[in-house]
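Data block below; observations after.
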Amino acid sequence: MSGARTHAGGEAHAHGHDHGHDHGQSHAGHAAHAGRPLISIENLTVAYRRHPALHHVNGVFEQGSLTAVIGPNGAGKSTLLKSMLGLIRASSGRVVTIPQRKHIAYLPQQADIERGFPVSVFDCVLLGYWRRIGLFGRVDPAMRERAHAALAAVGLDGFGQRPVGSLSAGQFQRVLFARILLQDAEVILLDEPFNAIDAKTTSDLLAIVQSWHAEGRTVIAVLHDYDQVRAQFPRTLLLARNVVAWGATADVLTPDNLQRAKAMAEAQDDHAPICEAAA
């Protein structure tokens with residue numbers, strides 16, 4: 001696959017042309033390629049201490065798709081996102097991604113983010129430029145203006161000088177979304193982005209997710225609220241370490257599929273040996 005990156009056994013390789021885009025570029029190109037495979041999961045198995053977290057997962061995320069990843073606790077949802085980023089070594093199989101890593105934005109769960117570091121809201125948002133300019137690169141006036149605009153877009157105009165440690169969970173999540181706005185990424189991975197935040201913040205941030213989708217970006221979000229998924233996400237992947245169902249949300253979120261996922265999760269043996277893929 002030209003320009004593809006493969007994450008297999010934790011390795012990441014880039015070759016061919018850069019399929020990303022520069023900040024401020026028109027998003028018409030994304031829409032023009034909508035529907036082409038962008039991230040391919042090929043017989044992916046991931047294990048922690050020899051206990052399977054994902055088991056022979058296969059499927060494709062298409063360019064411009066908006067997909068919810070759902071499933072019981074321990075289903076491997078967060079593991080799947082980390083595997084796409086090459087942060088976790090695969091036991092077998094691989095993830096093939098067309099965009100380079102710098103064109104993928106990742107928002108981990110809030111519990112995984114250190115908020116005690118003494119940094120202002122504005123400086124935290126400016127970190128969205130990090131992959132473009134480096135840790136000590138110069139932020140020019142136009143970039144600072146875009147950072148102020150991003151804060152305004154997430155409803156935090158005037159919050160720039162506040163320390164991030166003083167913010168509520170919802171306000172902090174708005175800051176992280178503003179940072180993603182500056183990244184201008186082709187692919188956006190969100191791990192439980194609306195967990196433990198207020199309804200108003202959730203509604204506002206869902207509107208930003210919809211704007212990313214309208215721009216032709218590929219958005220993949222781990223979620224738990226099935227009503228939210230039905231209302232906002234056209235496609236759904238239902239995981240229970242294995243793929244239970246993957247496709248149009250109305251076809252995936254059926255009582256039979258949800259019951260099957262629950263039964264699979266309850267039947268899983270954490271001490272079972274890893275099944276080796278067929279040669």
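Side notes on the structure shown:
- Accessible area expressed per residue, the stretch 80-129, with surrounding protein chains retained (probe 1.4 Å, Å²): 41 Å²
- Remark: the stretch 155-279 carries 44 Å² of accessible area per residue (probe radius 1.4 Å; ligands, DNA and RNA excluded).
- Linear extension gain, TYR226 paired with ALA196, 0.36 nm per residue minus alpha-carbon span: 9.3 nm
- Residues whose amide H lies under 5 Å from that of SER92, counting only those 5 or more places away or on a different chain, are THR45; hydrogens are built 1.01 Å from N in the peptide plane.
- Just the protein heavy atoms count here, and of the accessible area of the stretch 134-212 at 1.4 Å, carbon and sulfur take up 53 percent.
- Restricting the trypsin sites (Lys or Arg not before Pro) of the stretch 136-202 to loop positions (DSSP other than H, G, I, E, B) with no more than 15 neighbouring Cβ atoms within 10 Å leaves ARG138.
- For LYS77, a cut-off of 19 angstrom between C-alpha atoms picks up these lysines, skipping any fewer than 8 places away in its own chain: LYS262.
- Near ILE197, once Lys and Arg are set to +1 and Asp and Glu to -1 for all other residues with Cβ below 15 Å from its Cβ, the sum equals -2.
- 3J(HN,Hα) along the stretch 50-60: 6, 9, x, 9, 10, 9, 6, 8, 10, x, 9 Hz, from the Karplus curve 6.51 cos²θ - 1.76 cosθ + 1.60 with θ = phi - 60°, whole Hz, x for Gly and Pro.
- If the chain linking LYS102 and VAL119 were pulled fully straight, counting 0.36 nm for each residue of separation and taking away their Cα-Cα distance, it would gain 3.8 nm.
- Amide N proximity, the stretch 200-228 versus SER168 label position 7 Å along Cα-to-Cβ, cut-off under 11 Å: 200-202
- When the square roots of the Cα gyration tensor eigenvalues are ordered a ≥ b ≥ c, the ratio a/c for the stretch 100-162 is under 1.5, which makes its shape rounded.
- Förster radius 35 Å - calculated FRET efficiency between SER211 and ALA267 (Cβ-Cβ, nearest 0.05): 0.30
The values are calculated or read from the model by the stated rules, or taken from the named source; none is laboratory data. If you're wondering where the values come from, they're calculated on a predicted model, not measured in any experiment. A quick note on method: Cβ atoms are made from the backbone with ideal geometry, for glycine too, and the neighbour counts reach across all protein chains shown. Note: accessible area is taken over every heavy atom of the protein model, side chains too, but ligands, DNA and RNA are not part of it. Shrake-Rupley method; radii C 1.70, N 1.55, O 1.52, S 1.80 Å.
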